[in-house]
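One structure is given here, and the rest of the page talks about it.
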Amino acid sequence: MNVAGKLSALERAAAAWGEAMPDEVRELAAYVDRNTGAAAAKTIGYSGAVVSNMLNARYTGDHEAVFAKIRGALMGEVVVCPVLGEIGRHRCLSEQKMPFATSNAARARVYRACRTGCPHSRLKGA
């Protein structure tokens, strides 16, 4: 508990998840305790509601997608992009969502690489 008598994010997550708490949730909770939920949301590229629901074991969306962002942004996981070289997993996931841009040759190459069999792509039909 903190000074105001409130549970820390890590304590709340432990209560919600129990012994099954994934390492990614533990890392997210620790980040929230060191910073804020809003800062965590911005860092991993999700909303504050997603952060809160993940910590409280109530998130009904794609856990693996959120975990991948947490591993990249907070846990230092990297991948080797065929265009950009070594990048954080969270950046890889963000790049996959970017639109095609003819005005930027690198962006166009990344767009195509994400859709033509890159082993790190989460895009359907890639």
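The values are calculated or read from the model by the stated rules, or taken from the named source; none is laboratory data. These figures come from a predicted structure and were not determined experimentally. For neighbour counting, all protein chains shown are included, and Cβ atoms are generated from backbone atoms with ideal geometry for every residue, glycine included.
Counting only helices (runs of 4 or more DSSP H) that sit wholly inside the range 29-90, those with at least 2 residues that are in contact with a Ser or Thr (Cβ under 7 Å, 6 or more places away or on another chain) and either surrounded by fewer than 16 Cβ atoms within 10 Å (Cβ to Cβ) or not assigned by TED's automatic domain parsing to the domain that holds V110 (or both) are 37-44. Pairing residues of the range 25-45 that are without any contact (Cβ under 8 Å) to a residue 60 or more places away in the chain and farther than 12 Å from E11 by Cα with residues that are aromatic (F, W, Y) and part of a helix (DSSP H, G or I), at Cβ distances under 9 Å and at least 6 apart in sequence or on separate chains, gives A39/Y31; A40/Y31; T43/Y31; I44/Y31. Close Cβ contacts (under 8 Å, 6 or more residues apart or on different chains) running from residues in the range 50-63 that are closer than 18 Å to A39 by Cβ to residues that are aromatic (F, W, Y) comprise V50/Y59; N53/Y59. Looking across the range 61-119, the residues that are under 10 Å from the mean Cα position of the chain (by Cα) and either more than 24 Å from K42 (Cα to Cα) or among the β-branched types (V, I, T) (or both) come down to V66, I70. Going residue by residue through the range 83-103, is there one that turns out to be closer than 23 Å to R12 by Cβ and at pLDDT 95 or above? No.
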